[in-house]
Amino acid sequence: MVCEKEHIREIVGSLAVPLTGRTVEEMNLLRGIETSGGTSVIRLAVPFREGRVKEVFHQVVKEALQEHCSLEEIELKIESGGPSNINRIRQVIAVISGKGGVGKSLVSSLIALALRRSGQKVGILDGDITGPSIPRMFGLNGTPGGGEGGIFPAITRSGITVMSINLLLEQDDDPVIWRGPLIARAITQFWEEVYWGDIDTLVVDCPPGTADAPLTVMQSLPVSSVVVVFSPQNLVEMIVRKAVKMVRSLEKPLLGAVENMSYLNVPGLEKPLHVFGPSRAVELTAALGIPLLGQIPLDPDLARLCDEGKIEFYRSKALEDFEKKLLGELGNALRAVRRES
Ligand SMILES: Nc1ncnc2c1ncn2[C@@H]1O[C@H](COP(=O)(O)OP(=O)(O)OP(=O)(O)O)[C@@H](O)[C@H]1O
Ligand SMILES: [Mg+2]
C-alpha cells in the first residue's frame, strides 16, 4: 500500500514526542517527505541527542507507519536538532507598561487566551525575569525537561506553551537578583534555547518600565506588535505616553492599548465604580493615535482565579469585547503588512 505524502504527514504529525507533551506537528519536527520512484524518504528533526529516547522514538514512528504503509517504500531519517532549527514562530506580541503593577502579566495572559480560543497555537515568554508571575496564573509548577539544545516549555490546561524563570527556580519564591546584562541574556535564551515548536503567536510579558529589559525584548526579538497596558490614574497617563514614545522611537508597530482595572461592578449599584477616578482611556488613546483594545474591570473573580492558577476559566462580557477588538486589530495589522509587502 503506497502512502500519499499528506497521509504520511498526518500519521507522523499526530505522534507524541517523548518528554515534550506535544506532537510532531506541534513541535514542528517534520523536515520533509520526498517521494521518488515509489520510495518515500521522511526526514525528522528531534529535540534529543543520540541515545535511548531517540531509538524509542524511531521505533514508534516506524511502527505507526508500518500500520498504514508498506515499509519497503519508506526510509526514515532522524536527526537531532536545536531550537533554532526547529522553532517556527509566526508573530511576536510584546506587552509593555511604563510602570509596574498595572496588570501587564494579566493582560499578557488574557491576550494569549483570546488567541488560543480563536484556534491559534500560542506561547507565552515570561520576560519578567525578576518578577515572573505567569506560571502562577496558569497553575504551572515543576521543572521543565530538557533536550539536545534547549528546554521544553511547560504546557497549560488549554495548550498554551509557557517559559518563565520561575519554572527553573528550586523554590518559586526564590528571588532572582541579577544585573541588567544577565537579565537580558536570560530573555534572549528564552527565545533561542526553548523548544517552542510551531507557534502562531508568542506573547512576551515584558518587565515594566522603559529601561534595559523591555529594550532587550524590543531589539533582540522579532516583535511584530506591541500592546501597552495602563490603569486609570493621572500619573499612569504620562507613563503611557513615555512607553508609546519608546515603541515609536524603536519603530515597532503599536497594536493598541489596554486599560486594566478600569472600573468595578458592585452588586446592587446601578453604575460601575471608578475606583481610581474616571477613565480617560478613550481620550488618551485617541490623542496618542492608537486603538483602545479593551477596558478590563477590577474583578474579584478574576483576582481569585489568578491566585488559584485558573485564569483559563475566566469569562466576562468585558473579556469578550476585548477578544473581539484584539482579533480585529490583529487582522487589520496583518492586512496592512500584506499591502506593504
Ligand atoms: N482587572 C483585575 N481584576 C482583578 N485582579 C487583577 C486585575 N488586574 C490585576 N489583578 C491582580 O493584580 C495582581 C497584579 O497583576 P499583574 O501581575 O498582572 O501586574 P503586572 O503589571 O504584571 O505587575 P508587575 O509590574 O509586578 O509585573 C495580579 O495578582 C492579579 O491577580
Ligand atoms: Mg508582571
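Coordinate-derived values only; no laboratory data. What you see is a predicted model, and the numbers here were worked out from it, not measured in a lab. All Cβ positions, glycine included, derive from the backbone under ideal geometry; neighbour counts span all protein chains shown.
The modelled label-to-label distance for the pair GLU192/PHE276, using points 7 Å beyond Cα in the direction of Cβ, is 3.6 nm. Counting every alpha-carbon pair across the stretch 141-249, the share separated by more than 18 Å comes to 58%.
Applying both filters, DSSP loop and at most 15 other Cβ atoms within 10 Å, to the GluC sites (Glu not before Pro) of the stretch 1-94 gives GLU4, GLU50. Among the DSSP helices (H) of the chain, none spans at least 20 angstrom by Cα along its long axis with an average Kyte-Doolittle hydropathy of 1.0 or more; this is a geometric and hydropathy rule only. Remark on the chain: Rg and Dmax equal 22.2, 75 Å (Cα only).
For the stretch 1-104, the Kirkwood estimate of the hydrodynamic radius, built from every pair of different alpha carbons, is 15.4 Å. Take the Cα of HIS68, go 7 Å toward its beta carbon, and the backbone nitrogen atoms of the stretch 15-40 under 19 Å from that spot belong to 15-18, 22-36, 38-40.
Across the alpha-carbon atoms of the stretch 47-160, the computed radius of gyration and Dmax are 18.9, 62 angstrom. Which residues make up the longest stretch of the chain that has no trypsin sites (Lys or Arg not before Pro) in a DSSP loop with at most 13 other Cβ atoms within 10 Å? After excluding every exposed loop site, the longest remaining stretch is 180-314. Under the combined filter of DSSP loop state and at most 13 neighbouring Cβ atoms within 10 Å, the stretch 250-324 retains these GluC sites (Glu not before Pro): GLU251, GLU270, GLU308. Cross-link check: pairs LYS104/LYS252; LYS104/LYS317; LYS242/LYS271; LYS104/LYS245; LYS5/LYS325 evaluated at a Cα-Cα cut-off of 27 Å; pairs beyond the cut-off: LYS242/LYS271; LYS5/LYS325. For the pair ALA287 and ARG185, a Förster radius of 22 Å applied to the C-beta separation gives a FRET efficiency near 0.05, rounded to the nearest 0.05. With pairing defined as another cysteine C-beta under 4.7 Å, the cysteines of the chain that fail it are CYS206, CYS306.
Suppose R0 equals 22 Å. What FRET efficiency, 1/(1 + (r/R0)^6) with r the Cβ-Cβ distance, do SER36 and SER80 give to the nearest 0.05? Computed FRET efficiency for SER36 and SER80 comes out at 0.30. When you restrict to C-alpha pairs under 8 Å that are six or more residues apart and normalise by the size of the stretch 5-81, the relative contact order lands at 31 percent.
For the chain, relative contact order (Cα pairs under 8 Å, six or more residues apart, normalised by length) works out to 18 percent.
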